[in-house]
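Visitor: Pasting a structure below so you can have a look.
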Amino acid sequence: MKKLMLLILIITFILSCNTTEPPQPEKTIKLELEDASSIEAWIKITTSNFQFPTTVTLKKNNVVEQTISLLTQD
């Protein structure tokens, strides 16, 4: 009888374990146009949930325009 109870307890414990990893926070990036002239533009980049250092690639019409290395959150 004790062996049966122990077996039921072990099976219940094994089946009740949640082995699913929690979802990773979504990475977001926000671009804001700060100022523009006839040949230049100043863009503010705001990120969240990125691991630094990271690289951001700016594209225009699917062509790489600029690659920026972000070292810190500032």
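The values are calculated or read from the model by the stated rules, or taken from the named source; none is laboratory data. Remember, predicted model here, so these are calculated numbers, not experimental data. With ideal geometry, Cβ positions are generated from the backbone for all residues, glycine too; neighbour counts draw on all protein chains shown.
Visitor: Could you list all residues from the stretch 21-42 that are more than 13 Å from the chain's Cα centre (by Cα) and surrounded by 10 or more Cβ atoms within 10 Å (Cβ to Cβ)?
Guide: Scanning the stretch 21-42 gives L31, A36, W42.
Visitor: For the stretch 43-57, indicate whether the set of residues that are among the β-branched types (V, I, T), loosely packed, with under 10 Cβ neighbours inside 10 Å and either at pLDDT below 85 or not in a strand (DSSP E or B) (or both) is non-empty.
Guide: Taking every residue of the stretch 43-57 in turn, none turns out to be among the β-branched types (V, I, T), loosely packed, with under 10 Cβ neighbours inside 10 Å and either at pLDDT below 85 or not in a strand (DSSP E or B) (or both).
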